[in-house]
Amino acid sequence: MYTHLRLAAAVLAATCGWASPSLAQSYPVKPIKMYVGFSAGSATDIVARVVSDSLGKRLGQPIVVENKVGAGGSIAAQDTARATPDGYTLLTVSSAIAVNPAVYKNAADVAEQLQPVALIGYLPTVLMVSNKSGIKSMDDLLQGARDNPGKINFGSSGVGGSTHMAMEAFNVETNAKMTHVPYKGNGQASTALMAGEIDALMDTLLLAAPVINSKRAVGLAVTGEQRSALIPEVPTFAEAGIPEFDRSLFFGVMMPKGAPREIVEKLNKEINAALTDPEVKQKLSGAGGLTLASGSAEDFQKIYRQELLTWKKVGASANIQPQ
């Protein structure tokens with residue numbers, strides 16, 4: 001009888017997401033999967049691999065990064081949400097996880113099935129224009145976009161992508177009227193900008209800095225409170241006259257909802273510790289331009305909720321209908 005009671009209690013504890021201290025102390029006992037919703041070499045992939053390498057060493061188990069590309073990261077998010085919430089399936093996310101519900105109908109349900117674990121940091125975005133556009137300043141861009149609605153165009157990595165939505169947020173903020181030209185990935189959009197096929201592009205600092213520093217495009221503004229050391233000559237949006245605009249991209253780690261709290265807290269603690277590693281800081285902050293963060297899983301949850309609301313409003317203002 002007592003054996004049956006103990007078994008029932010164990011089942012109830014697992015169902016409710018409880019865990020004993022011994023479970024958290026022994027975790028992990030096998031390799032961990034880290035899903036990434038974007039291709040190898042993308043900003044999210046780079047962040048995932050740098051953090052996973054350090055985190056795996058701290059946890060004493062390898063973390064295997066697996067790219068599940070498609071639908072703006074939604075495929076990886078869906079697979080993570082369906083996984084057993086035992087701490088062995090993680091997901092490195094970018095702002096796309098909060099953007100997607102404004103673009104894809106089923107993404108809102110997936111968003112509710114994920115548990116924020118730790119915020120990694122923020123990556124500034126940069127507004128660039130083609131050397132062939134004739135645009136030399138923010139005033140040039142805004143005047144042209146307002147005086148000739150639709151004449152100036154901008155590229156993106158695809159409809160509903162983070163950089164597309166960041167540009168839509170910019171249009172709403174400044175009342176600019178520009179035509180969207182989607183491409184299959186940031187690489188194609190950047191190439192189109194350099195070739196003069198498009199006039200403007202909002203891209204991540206990580207990808208924009210080499211283009212600007214090689215003089216293949218003109219940087220008009222960068223998000224964040226201060227200029228980036230990677231492109232020191234490019235002003236902030238506040239310096240460029242648009243102080244309210246700050247659509248930096250966040251990165252973080254999530255897992256399936258329902259995981260034992262002790263495991264969530266252990267992962268949060270170890271990820272925060274990994275972000276203090278000098279090698280991690282150099283790769284992500286020094287070379288990558290990220291502003292690294294720290295905080296509890298609850299802190300990340302609050303940020304995530306606010307981002308979901310923000311992008312929902314941007315999508316509605318831009319008349320984007322979830323597909």
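Assorted remarks:
- For first residues located in the range 259-279 and acidic (Asp, Glu), partners that are not in a helix (DSSP H, G or I) and lie 6+ apart or on another chain with Cβ distances below 9 Å form the pairs Glu262/Trp18; Glu262/Ala19; Glu262/Ser20; Glu262/Tyr27; Glu265/Ser296; Glu270/Ala118.
- Residue among Leu193, Leu207 that alone is at pLDDT 95 or above and aliphatic (A, V, I, L, M): Leu193
- Single unsatisfied condition, Ile242 versus (1) in the same structural domain as Ile75 (by TED's automatic domain parsing); (2) more than 30 Å from Gly60 (Cα to Cα): (1)
- Only one of the listed residues (Val159, Val129) is among the aliphatic types (A, V, I, L, M), outside the structural domain of Met255 (by TED's automatic domain parsing) and touching a Pro at 6+ places or on another chain (Cβ under 7 Å). That residue is Val159.
- Qualifying residue in the range 210-217 (condition: modelled with pLDDT of 95 or more, assigned to a helix (DSSP H, G or I) and either of a type in the set (A, V, I, L, M) or touching a Phe, Trp or Tyr at 6+ places or on another chain (Cβ under 8 Å) (or both)): yes
- Looking at the range 9-90, the helices (runs of 4 or more DSSP H) lying wholly inside it that each contain 2 or more residues that are at pLDDT 95 or above and not charged (D, E, K, R) sit at 43-59, 74-82.
- Of the residues making up the range 146-168, at least one is buried (at least 23 other Cβ atoms within 10 Å of the Cβ), on the phi > 0 side of the Ramachandran plot and either free of Cβ contacts under 8 Å to residues at least 40 places away in the same chain or touching a helix residue (DSSP H, G or I) at 6+ places or on another chain (Cβ under 8 Å) (or both).
- Ala118 falls short of the stated requirement of being closer than 19 Å to Trp311 by Cα and either touching a Ser or Thr at 6+ places or on another chain (Cβ under 6 Å) or in the same structural domain as Val69 (by TED's automatic domain parsing) (or both).
- Considering (1) under 25 Å from Ala81 (Cα atoms); (2) touching a helix residue (DSSP H, G or I) at 6+ places or on another chain (Cβ under 7 Å), the lone condition that Thr310 does not fulfil carries the number (2).
- The residue of the range 174-196 that is farthest from Phe38 (Cα to Cα), among those that are touching a residue at least 60 places away in the same chain (Cβ under 8 Å) and not small (Gly, Ala, Ser), is Thr174.
The values are calculated or read from the model by the stated rules, or taken from the named source; none is laboratory data. All figures in this text were calculated on a predicted structure; none of them were measured in a lab. Virtual Cβ from ideal backbone geometry, glycine too; neighbours counted across all protein chains shown.
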